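Have a look at the structure below, then the notes.
The values are calculated or read from the model by the stated rules, or taken from the named source; none is laboratory data. Computed from a predicted model, the values in this text were never measured in an experiment. Here the Cβ is made from the backbone with ideal geometry for all residues, glycine too, and neighbour counts use every protein chain on show.
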Amino acid sequence: MQKRNLELRDINENEYIAHQESNLDQALGMGLSKDEFELICNKINKIPNQTELGIFSAMFSEHCSYKSSKKWLKTLPTKAKHVIQGPGENAGVIDIGNDQAAVFKIESHNHPSFIEPYQGSATGVGGILRDVFTMGARPIALLNALRFGSINHPLTKHLVSGVVKGIGGYGNCIGIPTVGGETNFNKSYDGNILVNAMAVGLAQKDKIFYSAATGAGNPVIYVGAKTGRDGIHGATMSSAEFTESSSEKRPTVQVGDPFTGKLLLEACLELMQTDVVLSIQDMGAAGLTSSSVEMASKGGLGMHLNLDLVPIREEGMTSYEIMLSESQERMLMILKPGSEEAAKLIFNKWDLDFANIGEVTNTGRLVLDKNGFEACNIPINPLVEDAPEYDRPYEILQNKKIIKSDDFQSNQTLNDILIKMFKSPNIASKKWIWEQYDSSVMGDTILCNGKSDAAIVKIHGTETKKSLGKGIAMTTDCTPRYVKSDPIIGGMQAVCEAARNIAASGAKPLAITNNLNFGNPEKINVMGEIVGSIKGISQAASTFNTPIVSGNVSLYNETNGQGILPTPVIGMVGIIDEVESCLGISAGNNNTLIILGQKQNFTEGWLGCSLYQEIIIDDFDGAPPPIDLRTEKQIIETIMTLNNNKLLTGAHDISDGGLLTATCEMLFENRLGLNVNLPKTLLSSNSKDHLLHSWCFGEDQNRIIISTNESEKVVSLLKENLIDYYILGTTNTSSNLNLNELDTISIKEIYNINKSTIPSLMDTYKS
Amino acid sequence: MKVEVNISLKEGVLDPEGQAIDNTLRNLGYNNFDNIRTGKQIILNIDETDENEVLKQADKMCQELLVNIVIENYQINIIKDK
Amino acid sequence: MKVEVNISLKEGVLDPEGQAIDNTLRNLGYNNFDNIRTGKQIILNIDETDENEVLKQADKMCQELLVNIVIENYQINIIKDK
Amino acid sequence: MRTAVAIFPGSNCDRDMAVAIKKITGKSPLKLWHKDTEAPNLDLIVIPGGFSFGDYLRCGALAARSPIIKNIKNHVSRGGALLGVCNGFQILIEANILPGSLVRNKKLLFTCRETTLEVQDSIQSPFLSSFNTGDCLNIPVAHNEGNYIANNELLKELENNGRIAFKYKKSSEIETDYNPNGSLNDIAGILSENGRVLGMMPHPERSISSLHGGTDGLKFLTKSIEQIVG
Ligand SMILES: Nc1ncnc2c1ncn2[C@@H]1O[C@H](COP(=O)(O)OP(=O)(O)O)[C@@H](O)[C@H]1O
Ligand SMILES: [Mg+2]
């Protein structure tokens, strides 16, 4: 033994070091705890060498093991008749009829995007696309949920600019349309921005590919880009809290190469047309380590790889570096034996590396050779099965304080408030952002960015004589203010808003992917936010029969002890049978606006936790607006019925900023006017009256505004079904929003403010 | 004084552009070359006469804007008029 | 031999990137500079020992691919190892 | 009608263009791969949009050195019609099939949006002969480098000899943002000397449905194809 090691040292000094026994200090340095280190030694019956330790530390990281959240993720509803594949694979899969399936997932790239906004967000998009096409699906749409710090924070504009360029840089180049998403600003994200990217793909139902390895002796194939020293230990880094000094310890940043990503996409899909791929897994976080371990573990098998055969970009890479590299645009596959040559031709055609690096074994062990020596030999089970699962203490804090409208003594008019609303980058048009995304490539985009509450992309090739075809609707939503004040209601609300958005675009909600972004789970109230929102999400998702089929968890979003607002982002997918029946938000002239879900005698709106409150007191407080899941479900079903009867011209849900803000947004495109039908009790108020303000800006839930030119039929249908409704008025061409004699708002003026807020904020910042 | 800032990717950082150029050159029949790396160059005049002062200012500009110090290295040269 | 190719826009050709950098630097409070121009740098090894031969080959690469001679100038330097 | 779409690694509007052509001719266009050195006789070749070779070095530069380009040049010298859209336009310029340069958008931002194109008073061209000077088409753009530049001499040559096909059109006096990339004289597309090669930044293939993007692109492509067949 001694002699062989000496020989290895002669071959490669660094590789020799990687083969040496590790110790507790090194384990701590890699983010493992003392208990975890001891567990590892016990389970593998030896002290791991440094490569082995690196592999354990990656697999035990929060990012790969979900050690803080696993217990609770298991409680999510994940089943329904239309679910083909729930959580546990690279992406979730649902049945959308016609033997087709939608494949989708959301994933965070928060920490990398803070360090290097362009590359961090670009590789986030690349990563989520690989998760989707690994399953055999052609990606057809991208969305993103972004959270930045206060717009006045010195880093914010730099981060916005870089992240938006990075998302566009990858998505535009690879040629998948970016059709939706959300962007919000809050000071809690000053040091921890959130970049969550969602991808949706389309596959044949009977041609889904999975990651479980099969068949001892089958070849293990590496394809894609070469391995470099990119982002080594990214998985552990993204699970650690930021401190001042972490900017010093920066690992090499991963650089996205969307061009190679495009080649990999085409090559993989081309190979998948044949029947030689037995299993396939992308190399995401923790690269070759997590892909090989997960494939082997899911198949209950082992893997024997020769790392000398891995295509590398830099000289002298050690086994440790090869296993932990997070170089982008790579995949691992198990092929039918004998098919290697034919498969290789496809990858060569696309100028990609193709290497047979080992084989599947039935030993249940991960064995790695390097320079003719064994660099790693460990059982696979403990890497996955024995990864710690914590039952962390938690306390769900629910703010029950009711804020009454007369708590606000504002001396501002409705017009003043509306101007402030649309000067807030949280409400203002995000056109500056989405114009930088190619939203129409692939030629199937029907509704996107800003035109509707959810994006709609046609399913290619489903045209019939009668219809332009079926479509997939998608959206991402979360209102962190609500989650902070009451995690359970906040979790529910995110699902409700998503479902409402899908329905308001004319589609039927089907299933969910979610991205749980939180602070440090070792803090009892942060853990409470996690548990609470999972409870809320579960209740709402069960009510709508929209199970969770995939997702991602991002914890430790804290800087110097300051956590982000809890942000469980819901990505929802729905289906529309005939895309021509889709609904945008813009009302036409002479349309009647009717609020579904608003009682006739409704006069006091819910201002607790509202954007109105944030604008007046620059903070938020009190209980969030309550949610009634049954009502929500009814409203969603009602709008679907109304639309099936072809009674609607548009729809828009009431959310951030309340009724008046939503109304303005419906009037903008055609610069229309409206005489608002105010409840009698408010007729005698004045434009600064707090009760009137609460009616206009309250964020009471379960409401959608519809526009129609068949108001009588709509009303009779609503009455028949006992749905609360309130007629807001009929649009006209005056461009004025009149609230009786109380106030007149110029839609043109608000429209211009809405349009110019973000460009003018970003214009003062260049590059 | 005329100053030239040469900006290159740090060693080990992927240079997809360099790779693509490498491929095309090979397709065009070149093959006795290797190690292509791409970089940027920014040339400007700084209105100072003291070399040290010029270097100091250029360095500040690099740190503050011109260079992405997470993934890039840079080098500042004073260009002497010929 | 290591070669550096510096590629710059011809005089009079619009340099939007240079303009944007100029603006931003001024916004950041710099003002004693002018004439910012941006360019590209390509560094590669050519497997030849004769300087003239190296320059000749590099020049051919520039003409054939690396440079858009309609709007760009270029200059080839041999980098001597230190 | 024999049509083909040329595909480079990184092309991403090839399928969209094929869908549009099939909608018009009823037949899918042939696919030419960038390494193909032989191609049958064709009436129209389209170089679609995308990011050929990742847009590395200069947009279109690496694609313009592909083997297929020789073929395309032969096709042009035989009098075949050639359309380059977006990245296709960039490739035509890099391949010296059309003159001038396309540089970064003035605002240095990728831009995806609607534009209005005005048909110019041009030389005889199958792409434009069904339109009148001053006709307007609403067709979207999506690009990072569509800022057309040319020296004075070339600009004069283009303007005076009817080689400008389209310009971005200002719809009102106050509109400042009508030109999405800052191109010289608002140029959106130019023609070869004989009018049979057209390079344009806007994407007609993205404007073929009344539900999204309108149908002006379809109208343009349909009329072009009719004229090419003659
Ligand atoms: N919040 C969540 N809800 C449901 N499933 C989740 C959630 N977070 C992660 N998952 C599932 O756990 C699995 C591992 O996800 P992840 O570690 O993000 O994969 P990757 O290897 O692509 O990074 C996936 O199947 C994912 O869908
Ligand atoms: Mg994955």
Could you figure out which of (1) at pLDDT 95 or above; (2) away from chain A (no Cβ under 14 Å) isn't true of residue D:38?
(1)
Return a yes/no flag: does region A:257-264 have any residue that is over 30 Å from residue A:9 (Cβ atoms), within 16 Å of ligand 2 (Cβ to nearest atom) and part of a helix (DSSP H, G or I).
yes
Single unsatisfied condition, residue A:157 versus (1) within 16 Å of ligand 2 (Cβ to nearest atom); (2) more than 24 Å from residue D:49 (Cα to Cα); (3) touching a Leu at 6+ places or on another chain (Cβ under 9 Å); (4) of a type in the set (D, E, K, R)
(1)
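Could you check, for region A:180-187, whether at least one of its residues is away from ligand 1 (no atom under 16 Å from the Cβ), more than 30 Å from residue A:422 (Cα to Cα) and not charged (D, E, K, R)? Outline the logic, then answer.
Residues of region A:180-187 away from ligand 1 (no atom under 16 Å from the Cβ): A:180-187.
Narrowing further to those that are more than 30 Å from residue A:422 (Cα to Cα): none.
Scanning region A:180-187, I find no residue that is away from ligand 1 (no atom under 16 Å from the Cβ), more than 30 Å from residue A:422 (Cα to Cα) and not charged (D, E, K, R), so the answer is no.
Go through the residues of region C:28-49 one by one and say whether even a single one is assigned to a helix (DSSP H, G or I), more than 9 Å from every other protein chain (Cβ to nearest Cβ) and surrounded by fewer than 17 Cβ atoms within 10 Å (Cβ to Cβ).
In the first step, residues of region C:28-49 are kept if they are assigned to a helix (DSSP H, G or I); the result is none.
Checked against the condition, which is being assigned to a helix (DSSP H, G or I), more than 9 Å from every other protein chain (Cβ to nearest Cβ) and surrounded by fewer than 17 Cβ atoms within 10 Å (Cβ to Cβ), region C:28-49 yields no hits at all.
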Evaluation of residue C:10 against (1) touching a strand residue (DSSP E or B) at 6+ places or on another chain (Cβ under 8 Å); (2) over 30 Å from residue D:154 (Cα atoms) (one fails), failing number:
(2)
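Might you let me know whether region A:59-77 holds any residue that is more than 15 Å from ligand 1 (Cβ to nearest atom) and loosely packed, with under 13 Cβ neighbours inside 10 Å? Before the answer, list the steps.
Filtering region A:59-77 for residues more than 15 Å from ligand 1 (Cβ to nearest atom) gives none.
No.
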Consider residue A:104 against the criteria (1) away from every other protein chain (no Cβ under 14 Å); (2) away from ligand 1 (no atom under 13 Å from the Cβ): it satisfies all of them except one. Which criterion is unmet?
(2)
Mind checking which residues of region D:128-150 are more than 15 Å from residue D:167 (Cβ to Cβ), out of contact with any Lys or Arg (no Cβ under 6 Å at 6 or more places or on another chain) and more than 8 Å from every other protein chain (Cβ to nearest Cβ)?
D:129, D:143
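Considering only region D:101-148, state which residues are within 25 Å of residue A:762 (Cα to Cα) and not in a loop (DSSP other than H, G, I, E, B). Don't jump to the end; show me each part of the working.
Restricting attention to region D:101-148, the residues satisfying the condition of being within 25 Å of residue A:762 (Cα to Cα) are D:103-115, D:140-147.
Result: D:103, D:111, D:112, D:113, D:114, D:115, D:140, D:141, D:142, D:143, D:147.
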Does any residue in region A:547-561 that is within 16 Å of ligand 2 (Cβ to nearest atom) come within less than 8 Å, Cβ to Cβ, of a residue that is of a type in the set (Lys, Arg) six or more places away or on a different chain, and which pairs are these?
A:550/A:105; A:551/A:105; A:552/A:105
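Is at least one residue of region D:42-54 part of a helix (DSSP H, G or I) and β-branched (Val, Ile, Thr)? Show your work before the answer.
Within region D:42-54, the first condition is being part of a helix (DSSP H, G or I), and the residues that meet it are D:52-54.
From the residues that got through so far, the ones that are β-branched (Val, Ile, Thr) too are none.
The answer is no; no qualifying residue exists.
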Please indicate, with yes or no, whether at least one residue in region C:42-51 is closer than 24 Å to residue D:109 by Cβ, of a type outside the set (A, V, I, L, M) and at pLDDT 95 or above.
no
Going by the conditions given, is residue A:123 within 12 Å of chain B (Cβ to nearest Cβ), of a type in the set (Ser, Thr, Tyr) and either closer than 12 Å to residue A:261 by Cβ or touching a residue at least 40 places away in the same chain (Cβ under 8 Å) (or both)?
yes
Would you check if there is a residue in region A:108-116 being at pLDDT below 95, within 14 Å of chain B (Cβ to nearest Cβ), in contact with a Phe, Trp or Tyr (Cβ under 8 Å, 6 or more places away or on another chain) and within 16 Å of ligand 1 (Cβ to nearest atom)?
yes
Restricting to region A:565-589, and then to whatever is among the aliphatic types (A, V, I, L, M) and away from ligand 1 (no atom under 16 Å from the Cβ), can you tell me which residue is farthest from residue A:92 (Cα to Cα)?
A:587
So residue A:284 clears everything in (1) touching a residue at least 12 places away in the same chain (Cβ under 8 Å); (2) away from ligand 2 (no atom under 13 Å from the Cβ) except one condition, right? Which one?
(2)
If you check residue C:54 against the conditions, is it touching a Leu at 6+ places or on another chain (Cβ under 7 Å), of a type in the set (Val, Ile, Thr) and not in a loop (DSSP other than H, G, I, E, B)?
no
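Let's see how each residue does on (1) touching a helix residue (DSSP H, G or I) at 6+ places or on another chain (Cβ under 8 Å); (2) modelled with pLDDT under 95; (3) part of a helix (DSSP H, G or I):
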| site | (1), (2), (3) |
| --- | --- |
| A:498 | no, no, yes |
| A:509 | yes, no, no |
| A:513 | no, no, no |
| A:533 | yes, no, yes |
| A:551 | yes, no, no |
| A:572 | yes, no, no |
| A:584 | no, no, no |
